[in-house]
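The values are calculated or read from the model by the stated rules, or taken from the named source; none is laboratory data. All of these numbers come straight from a predicted model, not from anything done at the bench. Backbone-built Cβ (ideal geometry, glycine too); neighbour counts: all protein chains shown.
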């Protein structure tokens with residue numbers, strides 16, 4: 001696979017994906033889509049969101065790594081993309097922590113100000 | 001790095017060859033032009049990810065506030081339609097990546113076929129989205145639709161209530177109020193709507209790429225634009241990969 005890849009590198013400025021690789025990625029993504037639909041029917045209870053997000057993250061990483069060529073891309077581009085994900089995690093994480101922390105206060109305030 | 005240096009020297013000697021027309025005057029070499037374009041595209045994708053993240057935070061806050069509402073409202077979405085659209089988008093990502101391969105190898109016909117396939121998938125996605133949206137609007141789940149039949153609304157239209165759906169409301173003692181359901185559907189329409197706009201923008205970009213390819217502009221020495229449009233297309237696919245389970249697959 002690797003010898004094959006380096007041979008292809010001569011074609012341009014960046015890596016060329018072999019057709020077999022493209023098809024393998026496609027079928028992996030379809031398989032994971034089926035998996036996430038099936039997993040949603042299982043009695044995972046509160047962890048359904050965790051299972052769904054783990055599968056979604058795997059799918060997203062597969063797309064980014066091979067379809068988007070990050071595996072063969074410049075480190076700077078990888079850092080830029082990983083940086084955005086880092087800030088998204090901070091944004092989501094802190095917003096959710098904050099929401100969880102003040103949930104009871106919000107509920108109390110809502111009860112006080114409710115028009116009844 | 002050494003290959004870059006070799007290529008720089010190489011290109012300097014061939015500056016006037018027939019492939020150099022696409023080299024903008026502010027770049028030294030086609031390779032440098034390609035790398036700059038790619039970095040610019042990635043930086044744009046970073047802003048896209050951050051742009052969408054606001055909606056994901058809104059989703060998280062809403063869902064944490066009313067988890068039971070999200071479970072119930074998600075039942076109004078057709079999982080089959082969502083799953084078909086997911087596969088349609090994944091297939092379009094395959095053809096987009098294949099289009100880049102064709103452009104890199106100078107396969108003009110293959111590039112045309114793959115761009116057309118990508119466009120057809122995008123159109124198919126929007127048609128399914130249209131069917132889903134019209135169903136939701138029909139049963140009064142559009143933001144700003146009247147809370148009850150005949151009531152005044154900001155959109156000034158009366159949705160015809162599908163009898164089956166209405167009975168569904170009335171029969172279920174645990175059914176949330178319609179205006180509560182709209183909390184979920186506000187998030188749903190914003191997220192899928194912004195995503196749909198991105199799909200339509202992507203279609204415009206692919207049409208542009210198709211025209212340029214038919215003019216014979218792309219080849220092994222110049223395929224940057226195809227690569228960059230494909231990167232954008234893949235990020236739109238990634239957004240949908242998250243939207244599908246978050247909106248359609250809430251069961252607990």
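Observations on the model:
- Residue A:13 fulfils the conditions (1) at the interface with chain B (Cβ under 9 Å from one of its Cβ atoms); (2) assigned to a helix (DSSP H, G or I); (3) without any contact (Cβ under 8 Å) to a residue 40 or more places away in the chain except for a single criterion, (2).
- Some residue of the stretch B:223-235 being surrounded by fewer than 18 Cβ atoms within 10 Å (Cβ to Cβ), facing chain A (nearest Cβ under 10 Å) and either in contact with a helix residue (DSSP H, G or I) (Cβ under 6 Å, 6 or more places away or on another chain) or closer than 30 Å to residue B:70 by Cβ (or both): no
- Top-ranked residue of the stretch B:34-50 - restricted to ones that are facing chain A (nearest Cβ under 9 Å) and in contact (Cβ under 8 Å) with a residue 40 or more places away in the chain, ranked as farthest from residue A:86 (Cα to Cα): B:34
- Picking from residues in the stretch A:72-116 that are outside any helix (DSSP H, G or I) and surrounded by 11 or more Cβ atoms within 10 Å (Cβ to Cβ), the one that is nearest to the chain's Cα centre (by Cα) is A:73.
- The set of residues in the stretch B:236-245 being touching a residue at least 40 places away in the same chain (Cβ under 8 Å) and facing chain A (nearest Cβ under 7 Å) consists of B:237, B:241, B:242.
- A count restricted to the stretch A:1-50 and to residues that are under 15 Å from the mean Cα position of the chain (by Cα), surrounded by 12 or more Cβ atoms within 10 Å (Cβ to Cβ) and modelled with pLDDT under 95 stands at 1.
- Scanning the stretch A:50-68 for residues that are more than 28 Å from residue B:32 (Cα to Cα) and more than 8 Å from chain B (Cβ to nearest Cβ) yields A:50, A:51, A:54, A:57, A:58.
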